[in-house]
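So the structure is just underneath, and the comments pick up after that.
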Amino acid sequence: MSKISLIAKLTAADGKAAELEAVLNEVVSAADEETGLEIYSAHKDTANEGVYFFFEMYSDAEALGVHGKGDGMKAAMGKFGGLLGGRPEITMMEPVVAKGIAI
């Protein structure tokens, strides 16, 4: 089984960056309930205000398949409504080599 990783780009709706950032904190905290979610890390774009990236790594496809289905995660992710300026852009990947994490 190969690990699965992805990058999700989120763009805040006009004037909603601070609110979106607060919700990102809640979502990351809620991710503790997910088995097989190895890395779930939010990052702010330093060149483009209101743009955020999630880097996510899952132990396998099954772990990715259950992402967001726990009660805590559903509640946190439900708060994104009205804070995003568009649909998230998601790029699926397979890790090749890394330092600091076992792939």
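The values are calculated or read from the model by the stated rules, or taken from the named source; none is laboratory data. From a predicted model like this one, the values you see are computed outputs, not experimental measurements. Note: ideal-geometry Cβ built from the backbone for every residue, glycine included; neighbour counts use all protein chains shown.
For the stretch 4-35: of the residues being assigned to a loop (DSSP other than H, G, I, E, B) and modelled with pLDDT of 95 or more, which is surrounded by the fewest Cβ atoms within 10 Å (Cβ to Cβ)?
14
Annotation note: Cβ proximity below 6 Å between a residue of the stretch 89-103 that is in contact (Cβ under 8 Å) with a residue 12 or more places away in the chain and a residue that is surrounded by 10 or more Cβ atoms within 10 Å (Cβ to Cβ) and of a type in the set (Gly, Ala, Ser) (sequence gap 6+ or interchain) occurs for 90/8; 93/5; 94/2; 95/5.
Check whether at least one residue in the stretch 45-55 is farther than 26 Å from residue 102 by Cα, surrounded by 15 or more Cβ atoms within 10 Å (Cβ to Cβ) and in contact with a helix residue (DSSP H, G or I) (Cβ under 8 Å, 6 or more places away or on another chain), and report yes or no. Looking through the stretch 45-55, at least one residue is farther than 26 Å from residue 102 by Cα, surrounded by 15 or more Cβ atoms within 10 Å (Cβ to Cβ) and in contact with a helix residue (DSSP H, G or I) (Cβ under 8 Å, 6 or more places away or on another chain).
Condition check for residue 72 on (1) assigned to a helix (DSSP H, G or I); (2) of a type outside the set (S, T, N, Q); (3) at pLDDT 95 or above; (4) surrounded by 14 or more Cβ atoms within 10 Å (Cβ to Cβ): one failure, at (3). Tallying residues that are touching a Lys or Arg at 6+ places or on another chain (Cβ under 7 Å) and among the small types (Gly, Ala, Ser) within the stretch 46-99 yields 2. Of everything listed in (1) under 11 Å from residue 8 (Cβ atoms); (2) out of contact with any Phe, Trp or Tyr (no Cβ under 8 Å at 6 or more places or on another chain), the single unmet condition for residue 35 is (1).
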